[in-house]
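Working notes for the structure below.
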Amino acid sequence: MSLVFKDGSSKKMTARTQIIVWLYQISDQYKLRRFGNIIYFSRKNKYVILYVSSEYASKVITELKSKNYVQAVETSKTDELDFSAEHEEEMMRELKEEAEKLREENEDLRV
């Protein structure tokens, strides 16, 4: 699941990929503007979150890795997350079973 944004000029939806870029110095974040849209940056942890077009994501990643001011580059794991209702219900059922099991164990210890 790639993120989708409207392209302002053509009114067309384009697929976007989220890339996390770790920097040696946060002041180098300004150099990343030409690669994509900066969504967030952390001064403390020295990383930037970029949105880039999905079709160019692999090229952007290889180019960023070659820059001397970039420490590491990775794609976001949000594409791998499952937000479906069935998955959420299954997780809630598992949590309920775990909580009931822990409650029973605690009651056995009290007696």
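For the reader, a short list of remarks on this structure follows.
- One residue from LEU95, LEU64 being at pLDDT 90 or above, of a type in the set (A, V, I, L, M, F, W, C) and exposed (fewer than 12 other Cβ atoms within 10 Å of the Cβ): LEU95
- When residues of segment 69-88 are limited to those that are exposed (fewer than 10 other Cβ atoms within 10 Å of the Cβ) and not aliphatic (A, V, I, L, M), the one nearest to the chain's Cα centre (by Cα): LYS77
- Qualifying positions in segment 14-30 - surrounded by 14 or more Cβ atoms within 10 Å (Cβ to Cβ) and either out of contact with any helix residue (DSSP H, G or I) (no Cβ under 7 Å at 6 or more places or on another chain) or at pLDDT 90 or above (or both): THR14, GLN18, ILE19, ILE20, VAL21, TRP22, LEU23, ILE26, ASP28, GLN29
The values are calculated or read from the model by the stated rules, or taken from the named source; none is laboratory data. As the structure is a prediction and not an experimental result, all values here were calculated from the model. Every residue, glycine among them, receives a Cβ derived from its backbone with ideal geometry; neighbour counts consider all protein chains shown.
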